[in-house]
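The values are calculated or read from the model by the stated rules, or taken from the named source; none is laboratory data. Quick caveat, the model's predicted, so the values are computed rather than measured. Neighbour counts are summed over all protein chains in view; Cβ atoms, including those assigned to glycine, are modelled from backbone coordinates with ideal geometry. Remember, those area values only see protein heavy atoms, side chains included, never the ligands or the DNA or RNA. Shrake-Rupley method; radii C 1.70, N 1.55, O 1.52, S 1.80 Å.
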Amino acid sequence: QVRLVESGGGLVQAGGSLRLSCAASGGTFSNYDMGWFRQAPGKEREFVTTISWNGGIRHYADSVQGRFTISRENAKSTVYLQMGSLKPEDTAVYYCAARLVGIASFDPSSYKYWGQGTQVTVAT
């Protein structure tokens, strides 16, 4: 059983930056591809970004491409989401998720483990 705990959310002004962290425990971190998803009020959970087990392959949603960067430190069992040039429409609860290594997936249902989420609010 893998446990994921996100941190780093908060309130930021538009144009600002935040870095989210997701610490994993209970499994071999390098056995998992990791993803970040977000869910705004009244909307479905949506894909943000994913990173392969060794960090070699990354994918981003068009809406965050060029503004967000995903990274991971397997020695620390942690994945990060560096968010820049934040916009009010980035406001959401951000979740990290893990799935066993495989073909990259943007589908939330393919991720087995989820964190509790961290709120990001971008003020105008």
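Observations on the model:
- Order of exposure, largest accessible area first, which applies to 33, 62 with probe 1.4 Å: 62, 33
- Under a Gaussian network description of the chain, with springs only between Cα atoms under 10 Å, the residue in 49, 91, 28 that fluctuates furthest is 28.
- Taking all protein chains as they are arranged and a probe of 1.4 Å, the heavy atoms of residue 53 leave approximately 110 Å² accessible to solvent.
- Selection among 81, 57, 28 by position relative to the dipole of the chain gives 28 as farthest towards the positive end (Cβ unit charges, Cα centre).
- FRET efficiency for residue 67 and residue 5, using Cβ-Cβ distance with R0 set to 35 Å, rounded to 0.05: 0.90
- Here the Kirkwood formula, the inverse mean of 1/r across different C-alpha pairs, assigns the chain a hydrodynamic radius of 14.2 Å.
- Straight-line cross-link reach from residue 87 at under 15 Å between alpha-carbon atoms covers these aspartates and glutamates, not counting any fewer than eight positions away in the same chain: 62.
- Charge dipole of the chain (Cα centre as origin; +1 on each Lys and Arg Cβ, -1 on each Asp and Glu Cβ, all else neutral): 220 debye, rounded to the nearest 20.
- Note on exposure: 86, 18, 100 ranked by accessible area (1.4 Å probe, complete protein assembly) read 100, 18, 86, with the most exposed listed first.
- Two-site FRET efficiency, residue 59 against residue 23, from Cβ-Cβ distance with R₀ of 30 Å, rounded to 0.05: 0.85
- Lysines with Cα under 26 Å of residue 76, excluding same-chain neighbours fewer than 8 positions away: 112
- Cα shape, the stretch 20-73, gyration tensor, a/c 1.5 rule: oblate
- Length-normalised contact order of the stretch 26-124 in % [C-alpha pairs under 8 Å, at least 6 apart]: 30
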